[in-house]
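The numbers here are math on the coordinates, done by the rules we state, and not lab data. All figures in this text were calculated on a predicted structure; none of them were measured in a lab. Cβ atoms come from the backbone with ideal geometry, glycine included; neighbour counts cover every protein chain shown.
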Amino acid sequence: MNPTSGEVWTVDMGYAAKVRPCLVVSRQPGDNDRMLFTVIPMTTSCYGNEYEVEHHCHQLKGVFNVQAIVTVPKSDFIRRIANVNSEDYSLVISKLCIWLDLSN
């Protein structure tokens, strides 16, 4: 099963970043694409900046840290935890567009 945008998965972020929940924000790779997925990690170290997005997933603690966007291979995904609601997902995408300076 491939991760899908809007899902939260536990992802092995490597030795320094550890295993943490991440929100998938990329589309499904095509048949000729690399099996890479772009995710927004969650953190419980909150600084209160505009790129930390709160969510309504009761089983998850922390915020989505949009500034820490990363692309990881499918092999780093461990298990699916939850789906975020459409309002939370839209807010993350909106903040991501601001952070990456993408205009509509």
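So the values come out like this:
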{"read-out": "Positive dipole terminus of the chain, leading residue within MET13, HIS56, THR43 (C-beta point charges)", "value": "MET13"}
{"read-out": "Sites excluded, GluC sites (Glu not before Pro) in DSSP loops with at most 14 other C-beta within 10 Å, longest stretch of the chain", "value": "55-104"}
{"read-out": "Hz values of 3J(HN,Hα) by residue in segment 49-63 - Karplus curve (6.51, -1.76, 1.60), Gly and Pro given as x", "value": "8, 6, 9, 9, 10, 6, 9, 10, 7, 5, 7, 10, 10, x, 10"}
{"read-out": "Reachable lysines, given that their alpha-carbon falls under 23 Å from the alpha-carbon of LYS95 and they are not under 8 places away in the same chain", "value": "LYS61"}
{"read-out": "The chain - mean residue ellipticity at 222 nm from DSSP helices (-39,500 (n - 2.57) per run, n ≥ 4, rounded to 500)", "value": "-4500 deg cm²/dmol"}
{"read-out": "Choice from VAL25, VAL70, VAL92 with maximal GNM fluctuation in the chain (Cα, 10 Å cutoff)", "value": "VAL70"}
{"read-out": "Cut-off 17 Å (backbone N to label point 7 Å along Cα→Cβ of ASN85), residues of segment 36-61", "value": "53-61"}
{"read-out": "Rounded to the nearest 20 debye, dipole of the chain from Cβ charges on Lys, Arg, Asp, Glu", "value": "340"}
{"read-out": "Volume of the Cα convex hull of the chain, divided per residue and given in Å³", "value": "112"}
{"read-out": "Nitroxide proxy distance, nm - points 7 Å out along Cα→Cβ at THR10 and SER26", "value": "2.2"}
{"read-out": "Sparse-neighbourhood loop sites, chymotrypsin sites (Phe, Trp or Tyr not before Pro) in segment 1-59 - DSSP loop, at most 15 other Cβ within 10 angstrom", "value": "TYR15, TYR47"}
